[in-house]
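Engineer: Got a structure here, written out as structure tokens. Questions coming.
The values are calculated or read from the model by the stated rules, or taken from the named source; none is laboratory data. Just so it is clear, the model here is predicted, and its values are computed rather than measured. Every residue, glycine among them, receives a Cβ derived from its backbone with ideal geometry; neighbour counts consider all protein chains shown. For the accessible areas, the whole protein counts, side chains as well, though only heavy atoms, and no ligand, DNA or RNA atoms are used. Shrake-Rupley method; radii C 1.70, N 1.55, O 1.52, S 1.80 Å.
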Amino acid sequence: MTAALTADVAIVGAGVIGLASAERLTAHGISVIIVDDGRAQGATRVSGGLIRAFDPDGTYGAWPVESHARYLERGWHGSWPAVHGHGSLTLIDRQDLTRVEPRIDAVRGAGLPIEVLTADDVARRCPHLTVPGHLLGVLEPRAGWLPADDVVRAMHRDAGAGLRLHQARALSLKHSSRRIDGVRTSDADVHADAVLLAAGVGSAHLAQTAGVHLSLRTRAVSYCLFRTEDATGLPTMVDRTTGAWLRRWGTGHTVLAGVASTRTDVPARTRDGVDASEEDRIRAVVAQRFPHLAEAPAVGGVTAYDAMTTTGGPAAVTSWSRPRGLVTAAGWNGGGFKLAPAVGRRAADHLLEALK
């Protein structure tokens, strides 16, 4: 077993939330050890990478706008990958416009371009898409997608020498009745005055070892790659009425497409490929908006999972008073990548306060 390790902060989870938090901490001169068992990035590794500022539900306040602006600036040091700015089109029911207008105004107020399109406008701007008349499109010209793996690597580089990665399985939290003292792992204990749990659904078990209850469960996530005749000019699309989403894959004639799933409590693992029934489900729903997919051959895919709260409600960054020094950030229900810069900043603020 390796000798015990020491840092100011231990983070469990080397996904985008953990790394965004680590980068912000090292920027303040805080030493960080990330504990991850080698299946680094979990849900991040298979993220579709869609980013946009518009949040129809307003669940996370200013975080989507803040995060989108940070992605456009290529991080805090200008070193992250550039956004694939193909544009983002969010389809909503016309009757929801009044409800979401404050969210549209928030994006516009931040100086980011956004406009509302009728179904006829969408047909003219995006001829590949078929949108019924009762829907509207909220178009963000500077939004799009990012390669998740490249982003987390850039965050790791930005964190510099203040960050160490400890490849081990986190077993439990070290603590007294009042204070966090680190993380027990399969290889060595990590001593730290504060701990961030950003390990997706695995955060629940670890929190319980310190007497903290996190209400989390897994949710099925899968997507397919389809070879199409032509995806030129296609924006990323999120259809709020069907749960469908898609984006261009690279620069060729391939698109990445998925449909939100209601299946929960699935195994916390990822694998290449999707079952035939899931491929058929995705194709049938997405083809309603992008008819090219009706006959397009599938050329790949991923079956995975994400963490969500058991109530289906929003995730949160939470600083716990007992034991002091514990901060949790898990349960993003597929939205963690989009929110990561703001979540990482907020988690780092909590941890800095806990270290005082």
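Engineer: Counting only heavy atoms of protein chains, what accessible area per residue, in Å², does the chain have with a probe of 1.4 Å?
Structural biologist: 42
Engineer: How high is the relative contact order of the chain? Use alpha-carbon pairs under 8 Å, at least six apart in sequence, and give a whole percent.
Structural biologist: Dividing the mean separation by the residue count of the chain yields 24 percent.
Engineer: Short version: ³J(HN,Hα) in whole Hz for each residue of region 94-111, in order, from phi by Karplus 6.51 cos²θ - 1.76 cosθ + 1.60 (θ = phi - 60°), x for Gly and Pro, what are they?
Structural biologist: So the Karplus estimates, Gly and Pro as x, are 3, 5, 8, 4, 4, 5, 8, 4, x, 6, 5, 4, 5, 5, 5, x, 7, x Hz.
Engineer: Carbon-plus-sulfur fraction of the accessible area of region 1-132, 1.4 Å probe, in percent?
Structural biologist: Carbon and sulfur: 48 percent of the exposed surface of region 1-132.
Engineer: Further question: Nearest 10 degrees is fine. How inclined is helix 16-27 to the longest principal axis of the chain, computing both from alpha carbons?
Structural biologist: 50
Engineer: Skipping prolines and chain starts, which residues have an amide H placed within reach, meaning under 5 Å, of the one on Leu117, given they are 5 or more residues away or on another chain?
Structural biologist: Amide H neighbours of Leu117, under 5 Å, 5+ apart: Gly137, Val138, Leu139.
Engineer: Here's something else I'd like to know. Once every DSSP H run of n ≥ 4 in the chain is given -39500 (n - 2.57) and the sum is divided by its residues, what mean residue ellipticity at 222 nm do you get, rounded to the nearest 500 deg cm²/dmol?
Structural biologist: -8000 deg cm²/dmol
Engineer: Would you mind checking which residues have amide H under 5 Å from Thr254's amide H? H placed 1.01 Å from N; only 5 or more apart, or other chain.
Structural biologist: Here the answer is Thr228, Trp249, since their amide H atoms fall under 5 Å of that of Thr254.
Engineer: I'd like the Karplus ³J(HN,Hα) series for region 282-294: coefficients 6.51, -1.76, 1.60, θ = phi - 60°, whole numbers in Hz, and an x wherever there's a Gly or Pro.
Structural biologist: Per-residue couplings from phi come out as 5, 4, 5, 6, 5, 5, 4, 9, 10, x, 3, 6, 4 Hz.
Engineer: Suppose every Lys and Arg Cβ carries +1 and every Asp and Glu Cβ carries -1, with no other charges. What dipole size does region 27-85 come out with about its Cα centre, to the nearest 20 debye?
Structural biologist: The calculated dipole for region 27-85 is roughly 180 debye.
Engineer: So, in nm, how far is label Asp96 from label Thr262 when the simple model puts each one 7 Å beyond its Cα toward the Cβ?
Structural biologist: 1.6
Engineer: Taking the Cα centre of each part, how many Å lie between region 46-114 and region 305-347?
Structural biologist: If you average the Cα positions of each part, the centres end up 19 Å apart.
Engineer: Per residue of region 138-155, what does 6.51 cos²θ - 1.76 cosθ + 1.60 with θ = phi - 60° give for ³J(HN,Hα)? Whole Hz please, x for Gly and Pro, Karplus curve as stated.
Structural biologist: 9, 9, 10, x, 9, 8, x, 8, 9, x, 4, 4, 5, 5, 5, 5, 5, 4
Engineer: Suppose we flag GluC sites (Glu not before Pro) only when DSSP calls them loop and at most 14 other Cβ atoms lie within 10 Å. Which is the longest uninterrupted stretch of the chain?
Structural biologist: 74-228
Engineer: Here is a follow-up. Local charge sum around Ser31 (other residues, Cβ-Cβ under 9 Å, Lys/Arg +1, Asp/Glu -1)?
Structural biologist: Result for the neighbourhood of Ser31: 0.
Engineer: Where both partners of a DSSP beta bridge lie in the chain, what percent of those bridges are antiparallel, to the nearest 5?
Structural biologist: Rounded to the nearest five, the antiparallel share is 70 percent.
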